[in-house]
Amino acid sequence: MGNAFAQLYPDGSWWMRHRRAALPNPGSFDELHKSCKEVFPQQMEGMKLIINKNLSSHFKVSHQIHMSTIGLSGYHFNAKYIGDTQPGAGEMFPLLSADLDNAGSLNAQAAYLLAERVRSKAVFQTHHSKFLTWQVDVEYRGDDCTGTLTLGNPDIINDSVILVTHFLQSITPRLVLGGELVYHQRLGEEGAILTLAGKYSAPNWVSTLNVGYGGAHASYYHKANQQIQVGVEFEANTRLQETSFAFGYHLNIPKANMVFKGSVDSSWCVGGVLEKKLPPLPVTLALGAFMNYWKNKFHCGFSIMVG
């Protein structure tokens, strides 16, 4: 059998085709550190009430009321439409989402599947009655590679634009290499920043590294078992001459319907969030507390999510 393939493909092209077809898609560049970031708790402050309502299998709305003692209190209304085209796990197209607050600020997003392997997304953001930012990106997902081109805040009159391109390639079933190039131009000034990236995924852990002119970002995620997950992040900023380190952990207790996330970083900020589901009611309670020892500041938060 081996001699037969060698005669049909003397240049080894069959082996290369078989090898490339067996490699997985590396995903998007923005999700390289996703596994580690999901371990860390989200900052909470004040009291928050979230009510989710499914109007149909495609249309969902939510109401969010946030009462804060530090920042501004406010109300957010979110509406989302999800189509029935599913090219991959966890993906549904088309997707339309809009978030509007009580001050009239809008954050809208639209995603569409242009072709089997080509996705597009547009993001618009306004602050009160003023137009703030907008960007459009196109992403190509091959069998073992992903390429993205993003155009942000183009302004022909003021001759300004931000152009970002990403590329990721699966080298082996576990190793992914790629990079990011950011080009910006405004008021006669222009510049470009290149960042190289690598990701290695093992059965129980993931290690990721981004290195560029602006600094470095490294993360490590480890899944000890079904209940315990930990993550470590390190960031160095060459422009600000600053470095930071953070450790987070995720504890899941399925029998108690509880999830606890905790973290501690190099600035001695310690925090944790406890989430508790109340079946059979569609209610989730969350309590969070964060303490910064260097700044001698403490804040806590409580949220109720219905639906």
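The values are calculated or read from the model by the stated rules, or taken from the named source; none is laboratory data. In this text, all values refer to a predicted model and were calculated from it rather than measured experimentally. All Cβ positions, even for glycine, are placed from backbone atoms using ideal geometry, and neighbour counts span all protein chains on display. Heads up: the accessible areas ignore ligands, DNA and RNA and are worked out on the full protein's heavy atoms, side chains in. Shrake-Rupley method; radii C 1.70, N 1.55, O 1.52, S 1.80 Å.
Here are the numbers:
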| quantity | calculated |
| --- | --- |
| Which of Gly214, Trp134, Gln109, positive extreme of dipole for the chain (C-beta unit charges) | Gln109 |
| Tilt relative to the chain, helix 13-22 - C-alpha long axis, 0 to 90 degrees, to 10 | 10 |
| FRET efficiency for Ser28 and Leu194, using Cβ-Cβ distance with R0 set to 25 Å, rounded to 0.05 | 0.85 |
| Distant-in-sequence amide H partners of Ser160 (H built 1.01 Å from N, under 5 Å) | Asp155 |
| Flagged links, alpha-carbon separation over 30 Å, of Lys80/Lys276; Lys53/Lys121; Lys199/Lys297; Lys121/Lys297; Lys37/Lys80 | Lys199/Lys297; Lys121/Lys297 |
| With all protein chains modelled, accessible area of Asp155 [1.4 Å, Å²] | 50 |
| Choice from Ile171, Ile162, Ile253 showing the highest fluctuation, given a GNM over the chain with Cα pairs closer than 10 Å | Ile253 |
| Full-extension gain in nm, Lys255 to Leu287, via 0.36 nm per residue minus C-alpha separation | 9.6 nm |
| Span from the the range 133-205 Cα centroid across to the the range 256-297 one, whole angstrom | 33 |
| Average Cα contact separation per residue, the range 56-159, under 8 Å, 6 or more apart, as relative contact order % | 14 |
| Whole-number accessible area per residue in Å² for the chain, which is evaluated in the context of all protein chains at 1.4 Å | 64 |
| Residues with amide H under 5 Å from that of Gly142, placed H, sequence gap 5 or more | Gly147 |
| Volume of the Cα convex hull of the range 38-152, divided per residue and given in Å³ | 146 |
| Exposed-loop-free span, longest in the chain, where chymotrypsin sites (Phe, Trp or Tyr not before Pro) count as exposed if DSSP calls them loop and at most 15 other C-beta atoms lie within 10 Å | 1-212 |
| Around Phe260: net Lys/Arg minus Asp/Glu count, Cβ-Cβ under 11 Å | +1 |
| Globularity index of the chain, i.e. its alpha-carbon radius of gyration over 2.2 N^0.38 Å | 1.18 |
| Projected area averaged over orientations for the range 134-211, convex hull of C-alpha atoms, nm² | 6.2 |
| Per-residue HN-Hα couplings for the range 47-61 [Karplus 6.51, -1.76, 1.60; θ = phi - 60°; Hz; x = Gly/Pro] | 10, 9, 10, 10, 10, 9, 9, 8, 7, 7, 5, 10, 10, 10, 9 |
| Simple Cβ-charge dipole of the chain, Lys/Arg +1 and Asp/Glu -1, about Cα centre, in debye nearest 20 | 960 |
| For Leu23, distant residues with modelled amide H under 5 Å away | none |
| In the range 220-307, trypsin sites (Lys or Arg not before Pro) in a DSSP loop with at most 10 other beta-carbon atoms within 10 Å | Arg239, Lys295 |
| Formal net charge of residues neighbouring Phe59 (Cβ-Cβ distance under 14 Å; K, R +1; D, E -1) | +2 |
| Positive-end residue of Ala289, Thr165, Asn252, charge dipole of the chain with Cβ unit charges | Asn252 |
